[in-house]
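Here's the structure, in structure tokens; my notes come after.
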Amino acid sequence: MKVDKVKGHMAMIVANMAWGLMSPFVKSVVVNSNIDAWTIVAYRVIGATLAFWTASLFIPKERIPFKDLKWLVLGALFGIILNQGVFVLGVSYTSPINASIVTTTLPIIAMIISAFYLKEPVTWKKIGGIIIGATGAIVIILNSSSGKNFGELGMKGILLCFAAQFSYAIYFVFFKKIISRYHSITIMKWMFLFSSFIYLPLTWSNITTIDYTNMPVSVIGQIGFIVLGSTFFSYMMIPIAQKYLRPTVATMYNNVQPVVAAVAAVFMQIDSFGWPKVFAILLVFSGVYLVTTSKAKEDIAKDKAG
């Protein structure tokens, strides 16, 4: 495996580990404070904007032409604004378990879009890997403490969560070339700035009415990790993965999130561990392996030439 691909795989692994840890932390913040999910999204976007612009002071300055900035506005729309906002809205109309299951469709959507736009091959090995990985993720979700109760079906919420996954898949596929031209911090500082212009007016009243003086230190620490770990650091990794990995491979790591969330929940003593989850984790990583080792467009071209 080439060094560049190793970088891409490592970037997606650590990004999704941080996102997986975010789930139990968000739940803890909502339960132990008067902060709702929409406000947490605002913290993530605005906090990451400040972090990325601060970090940009320590890297070589890159000038982005206006024609590329227009693409980054669209990138922010699909990769952050619609992905984050629509998903949170979707969760509000359905149960968290249903929303979590919908997220397993991301690699499937990315594979279909890549097949049409990037002409990436749809192989049986890739399809099998996606199905096996999604099955493992769903088993973990259904065996979690929050998965014991499905709640209402909430078709409106499910469709919104699916739209969020579709939006994120579009970002991974269509913005691969533009993302590869610049440093990840440069890319993200602009994308999050554009996103802040949307989220700040919508959530300003929520942010300013919270009593921060009586907020527990544990909640502040969890919010800090959500902003810096699960947003700033994770999104800094995404352009690296986009640059070196095929969209289907990169999005396949999305199924690692429930694995990390389940393990974290056990350590936080809000969930238990058992053999079904062990089996499910094996399925997830088996699926990732199959998709990762499936033949790319270049591999098939070499086989035909040989």
query = Filter region 168-204 for residues that are charged (D, E, K, R) and in a helix (DSSP H, G or I); which is surrounded by the most Cβ atoms within 10 Å (Cβ to Cβ)?
reply = LYS189
ask   = What about LEU57, is it under 14 Å from the mean Cα position of the chain (by Cα) and in a helix (DSSP H, G or I)?
value = no
remark   = Counting only residues in region 154-167 that are surrounded by 19 or more Cβ atoms within 10 Å (Cβ to Cβ) and not hydrophobic (A, V, I, L, M, F, W, C), the one modelled with the lowest pLDDT is identified as GLY154
task = Can you run down the residue pairs with Cβ atoms below 7 Å, 6 or more apart or on separate chains, where the first is in region 1-27 and without any contact (Cβ under 8 Å) to a residue 60 or more places away in the chain and the partner is outside any helix (DSSP H, G or I) and open to solvent by 60 Å² or more (accessible area, probe 1.4 Å)?
result = none
query = Would you say ASP36 is within 25 Å of TYR93 (Cβ to Cβ) and among the acidic types (Asp, Glu)?
reply = yes
inquiry  = Is it the case, given these coordinates, that TRP53 is surrounded by fewer than 20 Cβ atoms within 10 Å (Cβ to Cβ) and at pLDDT 85 or above?
reply    = yes
key: Test: ARG246 is buried (at least 24 other Cβ atoms within 10 Å of the Cβ) and charged (D, E, K, R)   = yes
Search result, residues across region 25-50 that are assigned to a helix (DSSP H, G or I), surrounded by 15 or more Cβ atoms within 10 Å (Cβ to Cβ) and polar (S, T, N, Q) = SER28, THR39, THR49
ask   = What is the residue count in region 1-24 for residues that are hydrophobic (A, V, I, L, M, F, W, C) and open to solvent by 50 Å² or more (accessible area, probe 1.4 Å)?
value = 7
query = If you take the residues in region 205-215 that are in a loop (DSSP other than H, G, I, E, B) and free of Cβ contacts under 8 Å to residues at least 12 places away in the same chain, which one is surrounded by the most Cβ atoms within 10 Å (Cβ to Cβ)?
reply = TYR212
task = Taking the residues in region 249-275 that are part of a helix (DSSP H, G or I) and open to solvent by 60 Å² or more (accessible area, probe 1.4 Å) as candidates, determine which candidate is modelled with the lowest pLDDT.
result = TRP275
request  = Answer yes or no as to whether THR105 is within 21 Å of ARG246 (Cβ to Cβ), in a helix (DSSP H, G or I), touching a residue at least 24 places away in the same chain (Cβ under 8 Å) and not aliphatic (A, V, I, L, M).
outcome  = yes
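The values are calculated or read from the model by the stated rules, or taken from the named source; none is laboratory data. Model, not experiment: these values are computed from the prediction. Glycine also receives a Cβ, built like all others from the backbone with ideal geometry; neighbour counts cover every protein chain displayed. Protein only, heavy atoms only, side chains kept; ligands, DNA and RNA dropped before computing areas. Shrake-Rupley method; radii C 1.70, N 1.55, O 1.52, S 1.80 Å.
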